[in-house]
Structures are given as C-alpha cells and as structure tokens.
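Down below is the structure, laid out as structure tokens.
The values are calculated or read from the model by the stated rules, or taken from the named source; none is laboratory data. Predicted model, so just to flag it, every value in this text is computed and none were measured. Because the Cβ atoms are built from the backbone with ideal geometry, glycine has one as well, and the counts that use them run over all protein chains shown. What goes into the accessible areas is simple: the full protein's heavy atoms, side chains included, and nothing from ligands, DNA or RNA. Shrake-Rupley method; radii C 1.70, N 1.55, O 1.52, S 1.80 Å.
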Amino acid sequence: MTDWQAFTVEISDHVARVTLTGPGKGNAMGPDFWRELPEIFRGLDADPQVRAVVLTGSGKHFSYGLDLPAMAGTFGPLLAEKALAAPRTDFLKEIRRMQDSVTAVAECAKPVIAAVSGWCIGGGLDLIAAADIRLASADALFSLREAKVAIVADIGSLHRLPGIIGEGHLRELAYTGKDIDAARAEKIGLVNDVYPDQEAVLAAADALAAEIAANPPLVVQGVKDVLAQKQASEVAEGLRYVSAWNAAFLPSEDLTEAIQAVFEKRAPEFKGK
C-alpha cells in the first residue's frame, strides 16, 4: 500500500493492522494524521480482502492526542482575528474535516478493534470511540483532556462515548479532564478486557480479529451496519452542532493561555475570559 507518514498498514489473512507512527512524539496527531486517516480507512473499506482491522500505536503509547505545536496554525488566525467571520468559517471547515477523518473509522464496513497501550489522550480517545471494540494493556491510561486546554471536545468523544460508557461517566471525564487507568476503563465499559502488557493486548486483538474474519464477511458487515443506524444520525447531528459552537465560542484568552502554556511547558492559569 501507500507509504504513509503517520501510519503503517499491514494486511495478512483478511486482517489489516493500522499502526499510528507519529511523526509527533507519542504518535501525536498532526497534519499527516488527519489527512491520511480517512484515506486509509476508506481504502480498507473498499478492499474485499480485508474483513477486520486492528488499530494500535507504535512505541509505548497509543497517542498523546492532538499535536498542538504542529496544529497551531489552525488556531492562530482564529485567535488573531476572532471578531471576523472569515477565520471562523475557515476554522469551522477545519473542524469538520478532522471530524470526517475520525468518522471514516466509524463508517468503515469492516469491524475495527483498538488495542491500546500507554497514553490515550484527547484525540486518541476520539479515535478509539469510533472503533467497534476496545482492548487495553494494564499500563493504559485514558484522558478526555480537552477541558484542560480550554477546548470543547469536538471530534466525536462527546457523541460516541455515551453509548459506550454512559452519560454519567462521560460527564465526569469531560468536565474534569482527569486521567483514568485501564482497570477503571474496564469497569465503566470503555474497554472490553485488560491484558498484562502491550504484546498480550496485540495478540488478543489479532486473535479477536481473526475470529471475526472467519465469519461470513457480508453478514458481519451487515451486523455492523444495522447496529450503527440509530447512533449514526445522532452523532452526525451532534458533530455539526459542536463544530458550529466551537467556531463561534472557542476563541478566548483561556485558549491562548493554554497554547502558550504548552509551548512554555508550564501549568496554565485560566481566568474565564
């Protein structure tokens, strides 16, 4: 397949393994990630040889989430000219492009199994929420951290996680931006099972994918399509709403402070402005 910058893709015995590779530290999600993700999953969707997909991260971590330094250009014009319609419109288009990237995972006709080790933060959680099944190693840590950087999560976690972990657990994670470990993630239903280490969770994901791939592929795809029907329209409506909300209200002194704090490697001081 294509030489990707932010992923590797391997296909064997009807199972594709898609691995995040960066290039940002901790497989952070920069421009290459957002451009390549939908191309990869639409290609796998169209490939009759692929019946299931394992999604994982290279190195010790699944993903640190959005690569703020690499994506700073997305926020810069919005903050510099926050009273004008043009930068807000451009930002709205960019949010929806990023939303569509993750939605390509959810809309892939082939079941997707996320195998998570180490950190899974922000955009990483958006990504695994779009998968069908999530497995974790014992060292996995999860965080819906957008509130800590003055952002309303807008790529899918707020819309897909209610059906996975329930409203109460989602609100706790979204309001606090707290970290939870693999044991808590399993308890609330974010992951199906926890395995001792990265090697074990990948082996379990491969075995589950092989089990799925052994079934009639069109029947499996039909099951996924039927299961997705109710949620798909609700998610689509919610994504459009939050993208418009962020284009209108995201610019703030707190967001500028959050970005500066990241670059200066210090704790932010939010003032609600």
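Please tell me the relative contact order of segment 127-205 in percent, rounded to the nearest whole number, where contacts are Cα pairs under 8 Å and at least six residues apart.
46
Could you work out how far helix 198-213 tilts from the main Cα principal axis of the chain, as a 0 to 90 degree angle to the nearest 10?
60
Mind checking the full-extension length gain between Y241 and E39? Use 0.36 nm per residue of separation minus the Cα-Cα distance, one decimal, nm.
70.2 nm
Amide H neighbours of V54 under 5 Å, counting only residues 5+ apart in sequence or on other chains, H built in-plane at 1.01 Å?
Hits under the 5 Å cutoff: A16, R17, V18, I113.
Let a ≥ b ≥ c be the square roots of the eigenvalues of the Cα gyration tensor of segment 114-273; is it rounded (a/c under 1.5), or, if not, prolate (a/b larger than b/c) or oblate?
oblate
For A138, list long-range residues whose amide hydrogen, built 1.01 Å from N in the peptide plane, is under 5 Å from its own amide hydrogen.
Amide H neighbours of A138, under 5 Å, 5+ apart: Y195, D197.
Using a 1.4 Å probe, how large is the accessible area of S233, given in Å² and rounded to the nearest 10?
Roll a 1.4 Å probe over it and S233 shows about 70 Å².
For segment 15-29, just list the computed ³J(HN,Hα) in residue order, Karplus coefficients 6.51, -1.76 and 1.60, θ = phi - 60°, integers in Hz, with x standing in for Gly and Pro.
So the Karplus estimates, Gly and Pro as x, are 10, 9, 10, 10, 10, 6, 10, x, x, x, 4, x, 6, 4, 9 Hz.
Compare the peptides 148-156, 215-223 by average per-residue count of other Cβ atoms within 10 angstrom and give them in order, highest first. List each step's numbers first, then the result.
Values: 148-156: 21.2, 215-223: 13.1.
Packing order, densest peptide first, comes out as 148-156, 215-223.
Among DSSP bridges having both ends in the chain, what percentage is antiparallel? Round to the nearest 5.
In the chain, approximately 30 percent of DSSP beta bridges are antiparallel ones.
Could you go through segment 151-159 in sequence order and give the Karplus-derived ³J(HN,Hα) for each residue, using 6.51 cos²θ - 1.76 cosθ + 1.60 with θ = phi - 60°, rounded to whole Hz, and x for Gly and Pro?
10, 7, 3, 10, 10, x, 4, 5, 9
Roughly how tilted is helix 85-107, in degrees to the nearest 10 and between 0 and 90, from the longest Cα axis of the chain?
For 85-107 against the chain, the angle is about 20 degrees.
As an exercise, use a Förster radius of 41 Å and the Cβ-Cβ distance of R184 and L84 to find the FRET efficiency, rounded to the nearest 0.05. Write out the running numbers ahead of the final one.
Numbers: r = 43 Å, r/R0 = 1.05.
The calculated FRET efficiency here is 0.40.
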